[in-house]
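The values are calculated or read from the model by the stated rules, or taken from the named source; none is laboratory data. Note that the structure is a prediction, hence the values are computed from the model and not measured. Here the Cβ positions follow ideal geometry from the backbone for every residue, glycine too, while neighbour counts run over all protein chains shown.
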Amino acid sequence: MKQFFEDYWQKTTPIYPLVTFRIAFGMLMLISTIRFVLLGWIDVQYVQPTFHFTYFGFSWVQPLNQIGMYCVFGLMILTSLGITLGFWFRVSALLFFLLFTYVELLDVSYYLNHYYFVSLIAGILCFLPANCFCSVDCRRNPSIQKTIIPHWTIDLLKFQISCVYFFAGIAKINCDWLMNALPLKIWLPAQDTIPIIGFVFKYEITAYISSWFGMLFDCLIPLLLLFRKTRIIAYILVVSFHVVTGLLFQIGVFPIVMIMLTTVFFSNEFHKRIVDKIQNWFDLGNTIYTENQFSTSRITKFVVLTYVFIQLLLPMRYLLYPGNLYWTEQGYRFSWRVMLMEKAGTTTFYITDTKTGKKGFVDNSQFLNIHQEKQMSFQPDMIVQYARHLKNEYQKMGVNNPKVTAEIYVTLNGRPSKLYVDSTIDLSSLEDTFANKTWIRPFQTTNNE
(Lines give C-alpha, C1' and ligand atoms only; values in the text may rest on other atoms or scores of the structure.)
Protein backbone atom coordinates (compact mmCIF):
# COMPACT_ATOMS: atom_id res chain seq x y z
CA MET A 1 0.00 0.00 0.00
CA LYS A 2 2.82 2.38 0.86
CA GLN A 3 4.46 1.73 -2.50
CA PHE A 4 1.14 2.37 -4.25
CA PHE A 5 0.86 5.85 -2.74
CA GLU A 6 4.50 6.62 -3.44
CA ASP A 7 4.00 5.66 -7.08
CA TYR A 8 0.80 7.68 -7.26
CA TRP A 9 2.47 10.91 -6.20
CA GLN A 10 5.08 10.42 -8.93
CA LYS A 11 2.52 9.69 -11.63
CA THR A 12 2.24 12.29 -14.41
CA THR A 13 -0.32 13.19 -17.07
CA PRO A 14 -0.65 15.63 -20.01
CA ILE A 15 -1.66 19.13 -19.05
CA TYR A 16 -4.48 19.50 -21.59
CA PRO A 17 -7.48 18.70 -19.32
CA LEU A 18 -6.23 21.29 -16.83
CA VAL A 19 -5.91 23.91 -19.57
CA THR A 20 -9.44 23.42 -20.90
CA PHE A 21 -10.77 23.35 -17.34
CA ARG A 22 -9.07 26.70 -16.64
CA ILE A 23 -10.49 28.28 -19.78
CA ALA A 24 -14.01 26.90 -19.21
CA PHE A 25 -14.06 27.95 -15.56
CA GLY A 26 -12.75 31.44 -16.35
CA MET A 27 -15.28 31.99 -19.13
CA LEU A 28 -18.16 30.78 -16.98
CA MET A 29 -17.15 33.08 -14.14
CA LEU A 30 -16.75 36.00 -16.52
CA ILE A 31 -20.23 35.52 -17.98
CA SER A 32 -21.80 34.87 -14.55
CA THR A 33 -20.27 37.97 -12.99
CA ILE A 34 -21.32 40.22 -15.87
CA ARG A 35 -24.82 38.71 -15.66
CA PHE A 36 -24.94 39.42 -11.92
CA VAL A 37 -24.06 43.07 -12.53
CA LEU A 38 -26.49 43.56 -15.42
CA LEU A 39 -29.38 42.09 -13.44
CA GLY A 40 -28.88 44.73 -10.76
CA TRP A 41 -28.26 42.21 -8.01
CA ILE A 42 -25.36 44.15 -6.48
CA ASP A 43 -27.72 46.87 -5.29
CA VAL A 44 -30.55 44.52 -4.38
CA GLN A 45 -28.45 42.07 -2.36
CA TYR A 46 -25.59 44.10 -0.92
CA VAL A 47 -26.20 47.85 -1.13
CA GLN A 48 -29.89 48.39 -0.33
CA PRO A 49 -30.32 46.06 2.69
CA THR A 50 -29.58 47.67 6.03
CA PHE A 51 -28.87 44.35 7.72
CA HIS A 52 -26.99 41.27 6.56
CA PHE A 53 -27.01 37.76 8.02
CA THR A 54 -23.45 36.60 8.63
CA TYR A 55 -21.83 33.19 8.85
CA PHE A 56 -20.70 32.00 12.26
CA GLY A 57 -17.25 33.48 12.94
CA PHE A 58 -17.45 35.90 10.01
CA SER A 59 -19.52 38.73 11.42
CA TRP A 60 -16.57 41.02 10.65
CA VAL A 61 -17.13 40.52 6.90
CA GLN A 62 -19.34 43.43 5.86
CA PRO A 63 -20.29 44.93 2.47
CA LEU A 64 -18.63 48.07 1.15
CA ASN A 65 -20.58 51.07 -0.08
CA GLN A 66 -22.09 51.08 -3.57
CA ILE A 67 -18.90 52.21 -5.33
CA GLY A 68 -16.85 49.69 -3.36
CA MET A 69 -19.15 46.77 -4.24
CA TYR A 70 -19.12 47.67 -7.92
CA CYS A 71 -15.33 47.82 -7.77
CA VAL A 72 -15.30 44.33 -6.23
CA PHE A 73 -17.37 42.94 -9.08
CA GLY A 74 -15.31 44.89 -11.62
CA LEU A 75 -12.18 43.22 -10.28
CA MET A 76 -13.94 39.84 -10.40
CA ILE A 77 -14.62 40.43 -14.10
CA LEU A 78 -10.97 41.31 -14.75
CA THR A 79 -9.62 38.38 -12.73
CA SER A 80 -11.98 35.87 -14.35
CA LEU A 81 -10.72 37.14 -17.71
CA GLY A 82 -7.19 36.69 -16.39
CA ILE A 83 -7.97 33.09 -15.46
CA THR A 84 -9.42 32.42 -18.92
CA LEU A 85 -6.41 33.83 -20.75
CA GLY A 86 -3.84 32.59 -18.26
CA PHE A 87 -2.67 36.17 -17.75
CA TRP A 88 -0.93 36.70 -14.42
CA PHE A 89 -2.76 33.52 -13.60
CA ARG A 90 -1.70 32.98 -10.00
CA VAL A 91 -2.60 36.54 -9.07
CA SER A 92 -5.87 36.40 -11.03
CA ALA A 93 -6.93 33.08 -9.49
CA LEU A 94 -6.04 34.16 -5.96
CA LEU A 95 -7.79 37.53 -6.27
CA PHE A 96 -10.88 35.95 -7.82
CA PHE A 97 -11.01 33.38 -5.02
CA LEU A 98 -10.71 36.05 -2.33
CA LEU A 99 -13.20 38.42 -3.96
CA PHE A 100 -15.79 35.75 -4.75
CA THR A 101 -15.53 34.23 -1.28
CA TYR A 102 -15.81 37.69 0.26
CA VAL A 103 -19.06 38.30 -1.63
CA GLU A 104 -20.33 34.84 -0.68
CA LEU A 105 -19.69 35.54 3.01
CA LEU A 106 -21.61 38.82 3.04
CA ASP A 107 -25.06 37.33 3.60
CA VAL A 108 -26.08 33.80 4.58
CA SER A 109 -29.52 34.27 3.07
CA TYR A 110 -27.97 34.05 -0.42
CA TYR A 111 -26.09 30.82 0.23
CA LEU A 112 -26.14 28.40 -2.71
CA ASN A 113 -24.30 25.14 -3.14
CA HIS A 114 -22.86 26.24 -6.45
CA TYR A 115 -21.42 29.43 -4.91
CA TYR A 116 -19.60 27.24 -2.42
CA PHE A 117 -18.48 24.99 -5.29
CA VAL A 118 -17.08 27.97 -7.21
CA SER A 119 -15.11 29.13 -4.16
CA LEU A 120 -13.58 25.68 -3.75
CA ILE A 121 -12.64 25.35 -7.42
CA ALA A 122 -11.15 28.85 -7.49
CA GLY A 123 -9.16 28.05 -4.36
CA ILE A 124 -7.85 24.80 -5.86
CA LEU A 125 -6.82 26.52 -9.10
CA CYS A 126 -4.62 28.93 -7.16
CA PHE A 127 -2.20 26.06 -6.55
CA LEU A 128 -2.35 24.24 -9.89
CA PRO A 129 -0.07 24.87 -12.92
CA ALA A 130 -3.05 25.68 -15.15
CA ASN A 131 -1.20 28.52 -16.89
CA CYS A 132 1.78 26.44 -18.00
CA PHE A 133 0.36 25.84 -21.45
CA CYS A 134 -1.85 27.75 -23.93
CA SER A 135 -1.72 30.98 -21.93
CA VAL A 136 -0.58 34.57 -22.16
CA ASP A 137 1.85 33.80 -19.32
CA CYS A 138 3.54 31.20 -21.53
CA ARG A 139 3.79 33.67 -24.39
CA ARG A 140 5.39 36.22 -22.07
CA ASN A 141 7.66 33.66 -20.41
CA PRO A 142 8.14 30.48 -22.50
CA SER A 143 10.32 28.93 -19.80
CA ILE A 144 7.24 28.08 -17.68
CA GLN A 145 5.65 26.00 -20.44
CA LYS A 146 4.95 22.38 -19.55
CA THR A 147 3.07 19.61 -21.31
CA ILE A 148 3.31 17.11 -18.44
CA ILE A 149 2.07 17.73 -14.89
CA PRO A 150 1.46 15.66 -11.74
CA HIS A 151 -1.55 13.40 -12.14
CA TRP A 152 -3.03 14.38 -8.77
CA THR A 153 -3.71 17.91 -10.06
CA ILE A 154 -6.38 16.55 -12.42
CA ASP A 155 -7.61 13.99 -9.92
CA LEU A 156 -8.19 16.70 -7.33
CA LEU A 157 -10.62 18.47 -9.66
CA LYS A 158 -12.35 15.18 -10.48
CA PHE A 159 -12.60 14.47 -6.76
CA GLN A 160 -14.25 17.81 -6.03
CA ILE A 161 -16.81 17.39 -8.79
CA SER A 162 -17.47 13.82 -7.66
CA CYS A 163 -18.15 15.06 -4.12
CA VAL A 164 -20.91 17.34 -5.40
CA TYR A 165 -22.70 14.47 -7.12
CA PHE A 166 -22.01 11.68 -4.64
CA PHE A 167 -23.04 13.50 -1.48
CA ALA A 168 -26.08 14.94 -3.29
CA GLY A 169 -27.04 11.36 -4.12
CA ILE A 170 -26.47 10.03 -0.62
CA ALA A 171 -28.60 12.87 0.76
CA LYS A 172 -31.48 11.71 -1.43
CA ILE A 173 -31.57 8.31 0.26
CA ASN A 174 -34.31 9.25 2.70
CA CYS A 175 -37.98 8.43 3.15
CA ASP A 176 -39.40 11.73 1.91
CA TRP A 177 -37.39 11.71 -1.32
CA LEU A 178 -37.72 8.02 -2.28
CA MET A 179 -40.90 6.80 -0.61
CA ASN A 180 -43.01 9.97 -0.75
CA ALA A 181 -41.45 11.62 -3.83
CA LEU A 182 -41.19 14.85 -1.89
CA PRO A 183 -40.66 17.64 -2.68
CA LEU A 184 -40.88 16.77 -6.41
CA LYS A 185 -44.52 15.77 -5.95
CA ILE A 186 -45.13 19.41 -4.98
CA TRP A 187 -42.87 21.08 -7.55
CA LEU A 188 -43.41 19.14 -10.78
CA PRO A 189 -47.17 19.68 -11.25
CA ALA A 190 -46.47 23.43 -11.34
CA GLN A 191 -44.38 22.87 -14.49
CA ASP A 192 -47.15 21.29 -16.57
CA THR A 193 -47.28 24.30 -18.91
CA ILE A 194 -43.81 23.65 -20.33
CA PRO A 195 -44.12 22.98 -24.08
CA ILE A 196 -43.97 19.37 -25.34
CA ILE A 197 -43.02 17.65 -22.06
CA GLY A 198 -45.10 19.60 -19.57
CA PHE A 199 -48.06 17.22 -19.59
CA VAL A 200 -46.03 14.38 -17.98
CA PHE A 201 -45.52 16.43 -14.82
CA LYS A 202 -49.22 16.20 -13.97
CA TYR A 203 -48.85 12.53 -13.11
CA GLU A 204 -47.74 11.46 -9.64
CA ILE A 205 -45.68 8.59 -11.05
CA THR A 206 -43.44 11.17 -12.75
CA ALA A 207 -42.39 12.52 -9.36
CA TYR A 208 -41.50 9.02 -8.12
CA ILE A 209 -39.53 8.14 -11.25
CA SER A 210 -37.71 11.49 -11.11
CA SER A 211 -36.85 11.04 -7.43
CA TRP A 212 -35.34 7.59 -7.91
CA PHE A 213 -33.56 8.60 -11.10
CA GLY A 214 -32.10 11.68 -9.38
CA MET A 215 -30.74 9.60 -6.53
CA LEU A 216 -29.21 6.96 -8.81
CA PHE A 217 -27.82 9.59 -11.17
CA ASP A 218 -26.02 11.52 -8.42
CA CYS A 219 -24.64 8.39 -6.75
CA LEU A 220 -23.39 6.68 -9.91
CA ILE A 221 -22.40 9.45 -12.30
CA PRO A 222 -18.87 9.95 -10.89
CA LEU A 223 -18.08 6.26 -11.48
CA LEU A 224 -19.64 6.29 -14.94
CA LEU A 225 -17.57 9.33 -15.90
CA LEU A 226 -14.35 7.70 -14.70
CA PHE A 227 -14.48 4.73 -17.07
CA ARG A 228 -13.93 5.18 -20.79
CA LYS A 229 -16.57 2.62 -21.82
CA THR A 230 -19.37 4.41 -19.94
CA ARG A 231 -18.12 8.00 -20.24
CA ILE A 232 -20.06 9.05 -23.35
CA ILE A 233 -23.34 7.68 -21.99
CA ALA A 234 -22.58 9.31 -18.64
CA TYR A 235 -21.95 12.70 -20.21
CA ILE A 236 -25.15 12.48 -22.24
CA LEU A 237 -26.93 11.86 -18.94
CA VAL A 238 -25.11 14.82 -17.36
CA VAL A 239 -26.18 17.16 -20.15
CA SER A 240 -29.76 15.85 -20.20
CA PHE A 241 -30.11 15.98 -16.40
CA HIS A 242 -28.82 19.53 -16.06
CA VAL A 243 -30.71 20.86 -19.08
CA VAL A 244 -33.99 19.52 -17.67
CA THR A 245 -33.35 20.77 -14.13
CA GLY A 246 -32.25 24.12 -15.52
CA LEU A 247 -35.55 24.43 -17.41
CA LEU A 248 -37.68 23.33 -14.47
CA PHE A 249 -36.10 25.21 -11.60
CA GLN A 250 -34.59 28.62 -10.89
CA ILE A 251 -30.98 27.53 -10.32
CA GLY A 252 -29.09 30.09 -12.38
CA VAL A 253 -25.93 29.03 -14.21
CA PHE A 254 -25.27 25.96 -12.07
CA PRO A 255 -26.38 23.48 -14.79
CA ILE A 256 -24.05 25.08 -17.36
CA VAL A 257 -21.18 25.05 -14.86
CA MET A 258 -21.55 21.33 -14.22
CA ILE A 259 -22.00 20.50 -17.92
CA MET A 260 -18.81 22.35 -18.84
CA LEU A 261 -16.59 21.32 -15.94
CA THR A 262 -17.40 17.61 -15.99
CA THR A 263 -15.53 17.44 -19.31
CA VAL A 264 -12.39 17.20 -17.15
CA PHE A 265 -13.19 13.47 -17.00
CA PHE A 266 -12.70 13.17 -20.77
CA SER A 267 -9.57 11.69 -22.34
CA ASN A 268 -6.32 13.59 -22.83
CA GLU A 269 -6.76 13.25 -26.60
CA PHE A 270 -10.12 15.03 -26.44
CA HIS A 271 -8.64 17.97 -24.53
CA LYS A 272 -5.51 18.09 -26.70
CA ARG A 273 -7.62 18.62 -29.82
CA ILE A 274 -9.37 21.56 -28.16
CA VAL A 275 -6.12 23.08 -26.88
CA ASP A 276 -4.42 22.74 -30.27
CA LYS A 277 -7.29 24.62 -31.91
CA ILE A 278 -7.12 27.39 -29.31
CA GLN A 279 -3.35 27.63 -29.81
CA ASN A 280 -3.88 28.07 -33.55
CA TRP A 281 -6.78 30.50 -33.27
CA PHE A 282 -5.09 32.91 -30.87
CA ASP A 283 -1.45 32.33 -31.80
CA LEU A 284 -0.39 31.76 -28.19
CA GLY A 285 3.08 30.61 -29.10
CA ASN A 286 4.84 27.58 -30.50
CA THR A 287 4.11 24.25 -28.91
CA ILE A 288 7.15 22.85 -27.14
CA TYR A 289 6.62 19.31 -25.93
CA THR A 290 8.56 18.57 -22.79
CA GLU A 291 8.95 15.60 -20.50
CA ASN A 292 9.06 17.14 -17.06
CA GLN A 293 10.03 15.38 -13.87
CA PHE A 294 8.12 16.21 -10.73
CA SER A 295 8.64 15.55 -7.08
CA THR A 296 5.64 16.30 -4.89
CA SER A 297 6.81 17.72 -1.58
CA ARG A 298 5.63 16.41 1.78
CA ILE A 299 3.93 19.73 2.49
CA THR A 300 1.97 19.48 -0.76
CA LYS A 301 0.93 15.92 0.03
CA PHE A 302 -0.17 16.96 3.50
CA VAL A 303 -2.21 19.91 2.20
CA VAL A 304 -3.91 17.85 -0.53
CA LEU A 305 -4.75 14.95 1.80
CA THR A 306 -6.01 17.33 4.49
CA TYR A 307 -8.25 19.05 1.96
CA VAL A 308 -9.64 15.70 0.76
CA PHE A 309 -10.22 14.59 4.34
CA ILE A 310 -12.14 17.78 5.17
CA GLN A 311 -14.29 17.52 2.04
CA LEU A 312 -15.21 13.94 2.96
CA LEU A 313 -16.04 14.75 6.58
CA LEU A 314 -17.77 18.13 6.29
CA PRO A 315 -20.93 16.83 4.57
CA MET A 316 -21.28 14.19 7.28
CA ARG A 317 -21.14 16.52 10.28
CA TYR A 318 -24.93 16.49 10.54
CA LEU A 319 -24.56 13.09 12.21
CA LEU A 320 -23.27 14.91 15.30
CA TYR A 321 -26.69 16.48 15.87
CA PRO A 322 -29.94 14.83 16.98
CA GLY A 323 -33.28 15.35 15.31
CA ASN A 324 -34.46 15.76 11.74
CA LEU A 325 -31.77 17.48 9.68
CA TYR A 326 -34.24 19.22 7.39
CA TRP A 327 -36.12 20.60 10.37
CA THR A 328 -33.16 21.83 12.43
CA GLU A 329 -30.74 22.44 9.49
CA GLN A 330 -27.82 21.75 11.79
CA GLY A 331 -25.03 20.64 9.46
CA TYR A 332 -27.12 21.34 6.36
CA ARG A 333 -24.98 23.91 4.57
CA PHE A 334 -21.76 22.92 2.76
CA SER A 335 -22.96 19.33 2.43
CA TRP A 336 -24.15 19.28 -1.19
CA ARG A 337 -27.84 18.90 -0.32
CA VAL A 338 -29.32 20.26 -3.51
CA MET A 339 -33.05 21.05 -3.70
CA LEU A 340 -34.08 18.36 -1.23
CA MET A 341 -36.92 20.05 0.59
CA GLU A 342 -39.84 22.42 0.27
CA LYS A 343 -39.66 24.47 3.44
CA ALA A 344 -41.31 27.74 4.38
CA GLY A 345 -42.07 29.69 7.50
CA THR A 346 -44.19 32.54 8.79
CA THR A 347 -42.76 34.70 11.54
CA THR A 348 -44.21 37.33 13.81
CA PHE A 349 -41.69 38.93 16.15
CA TYR A 350 -42.71 40.77 19.31
CA ILE A 351 -40.78 43.36 21.28
CA THR A 352 -41.51 43.72 24.99
CA ASP A 353 -40.25 46.63 27.08
CA THR A 354 -39.16 44.77 30.23
CA LYS A 355 -39.54 47.91 32.34
CA THR A 356 -43.03 48.98 31.30
CA GLY A 357 -44.33 45.63 30.06
CA LYS A 358 -45.54 47.17 26.80
CA LYS A 359 -45.50 44.77 23.85
CA GLY A 360 -45.70 45.32 20.12
CA PHE A 361 -45.09 43.37 16.94
CA VAL A 362 -42.33 43.97 14.39
CA ASP A 363 -42.79 44.91 10.75
CA ASN A 364 -40.00 42.77 9.27
CA SER A 365 -40.00 44.75 6.02
CA GLN A 366 -38.45 47.67 7.93
CA PHE A 367 -35.28 45.65 8.46
CA LEU A 368 -35.19 42.89 5.80
CA ASN A 369 -35.88 42.54 2.11
CA ILE A 370 -38.33 39.88 0.88
CA HIS A 371 -35.65 37.25 0.21
CA GLN A 372 -33.96 37.76 3.58
CA GLU A 373 -37.25 37.47 5.44
CA LYS A 374 -38.20 34.31 3.54
CA GLN A 375 -34.89 32.58 4.31
CA MET A 376 -34.78 33.75 7.93
CA SER A 377 -38.24 32.39 8.68
CA PHE A 378 -37.09 28.75 8.83
CA GLN A 379 -33.32 28.84 9.50
CA PRO A 380 -32.48 28.84 13.21
CA ASP A 381 -29.13 30.65 13.13
CA MET A 382 -30.67 33.47 11.09
CA ILE A 383 -33.61 33.69 13.50
CA VAL A 384 -31.20 34.23 16.40
CA GLN A 385 -29.17 36.82 14.49
CA TYR A 386 -32.29 38.73 13.56
CA ALA A 387 -33.59 38.68 17.13
CA ARG A 388 -30.32 40.10 18.44
CA HIS A 389 -30.40 42.76 15.71
CA LEU A 390 -33.95 43.71 16.69
CA LYS A 391 -32.90 44.07 20.31
CA ASN A 392 -30.11 46.47 19.37
CA GLU A 393 -32.36 48.49 17.06
CA TYR A 394 -35.18 48.85 19.57
CA GLN A 395 -32.76 49.78 22.32
CA LYS A 396 -31.67 52.66 20.11
CA MET A 397 -35.35 53.64 19.83
CA GLY A 398 -35.59 53.92 23.62
CA VAL A 399 -37.11 50.55 24.53
CA ASN A 400 -35.81 49.40 27.92
CA ASN A 401 -33.88 46.13 27.72
CA PRO A 402 -36.20 44.75 25.01
CA LYS A 403 -37.23 41.12 25.10
CA VAL A 404 -37.60 39.55 21.65
CA THR A 405 -40.06 36.70 21.24
CA ALA A 406 -41.65 35.23 18.14
CA GLU A 407 -44.39 33.01 16.86
CA ILE A 408 -42.74 30.99 14.10
CA TYR A 409 -44.61 28.34 12.16
CA VAL A 410 -42.73 26.18 9.67
CA THR A 411 -43.96 23.70 7.07
CA LEU A 412 -41.72 20.97 5.66
CA ASN A 413 -42.49 19.16 2.40
CA GLY A 414 -46.15 20.08 2.38
CA ARG A 415 -46.93 19.06 5.96
CA PRO A 416 -49.13 21.28 8.14
CA SER A 417 -47.24 24.18 9.72
CA LYS A 418 -45.93 23.53 13.22
CA LEU A 419 -44.60 25.82 15.92
CA TYR A 420 -40.83 26.01 15.44
CA VAL A 421 -39.69 27.52 18.74
CA ASP A 422 -41.20 28.21 22.14
CA SER A 423 -42.99 31.53 21.72
CA THR A 424 -42.05 32.60 25.26
CA ILE A 425 -38.25 32.33 24.79
CA ASP A 426 -36.28 35.57 24.57
CA LEU A 427 -34.56 34.80 21.27
CA SER A 428 -32.18 37.73 21.64
CA SER A 429 -30.61 36.03 24.68
CA LEU A 430 -29.55 32.99 22.60
CA GLU A 431 -26.09 32.55 21.13
CA ASP A 432 -25.43 31.32 17.61
CA THR A 433 -22.88 28.53 18.07
CA PHE A 434 -22.07 25.08 16.67
CA ALA A 435 -23.70 23.50 19.75
CA ASN A 436 -26.98 21.63 19.43
CA LYS A 437 -29.86 24.11 19.32
CA THR A 438 -32.06 22.62 22.04
CA TRP A 439 -34.49 25.52 21.78
CA ILE A 440 -35.85 24.24 18.46
CA ARG A 441 -39.06 22.29 19.00
CA PRO A 442 -38.77 18.63 17.93
CA PHE A 443 -40.04 17.58 14.53
CA GLN A 444 -43.22 15.56 14.87
CA THR A 445 -44.76 13.40 12.16
CA THR A 446 -48.19 11.89 11.92
CA ASN A 447 -48.76 8.23 12.72
CA ASN A 448 -48.93 7.19 9.05
CA GLU A 449 -45.48 8.61 8.22
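So the values come out like this:
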{"read-out": "Test: residue in the stretch 261-273 that is more than 24 Å from the chain's Cα centre (by Cα), in a helix (DSSP H, G or I) and aromatic (F, W, Y)", "value": "yes"}
{"read-out": "Test result for A122, assigned to a loop (DSSP other than H, G, I, E, B), among the hydrophobic types (A, V, I, L, M, F, W, C) and surrounded by 18 or more Cβ atoms within 10 Å (Cβ to Cβ)", "value": "no"}
{"read-out": "Qualifying positions in the stretch 328-362 - among the charged types (D, E, K, R) and more than 31 Å from the chain's Cα centre (by Cα)", "value": "D353, K355, K358, K359"}
{"read-out": "Residues that are surrounded by 14 or more Cβ atoms within 10 Å (Cβ to Cβ) and either in contact with a Lys or Arg (Cβ under 7 Å, 6 or more places away or on another chain) or of a type in the set (G, A, S) (or both), drawn from the stretch 199-223", "value": "A207, S210, S211, G214, M215, D218"}
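Residues checked against (1) in contact (Cβ under 8 Å) with a residue 24 or more places away in the chain; (2) basic (K, R); (3) not assigned by TED's automatic domain parsing to the domain that holds F58:
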residue	(1), (2), (3)
P315	yes, no, no
W327	yes, no, yes
Q330	yes, no, yes
T354	yes, no, yes
K374	yes, yes, yes
A387	yes, no, yes
Q395	no, no, yes
T405	yes, no, yes
I408	yes, no, yes
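Residue-wise test of (1) farther than 27 Å from R298 by Cβ; (2) buried (at least 21 other Cβ atoms within 10 Å of the Cβ).
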residue	(1), (2)
F117	yes, no
N131	no, yes
S135	yes, yes
I149	no, yes
N180	yes, no
I186	yes, no
A190	yes, no
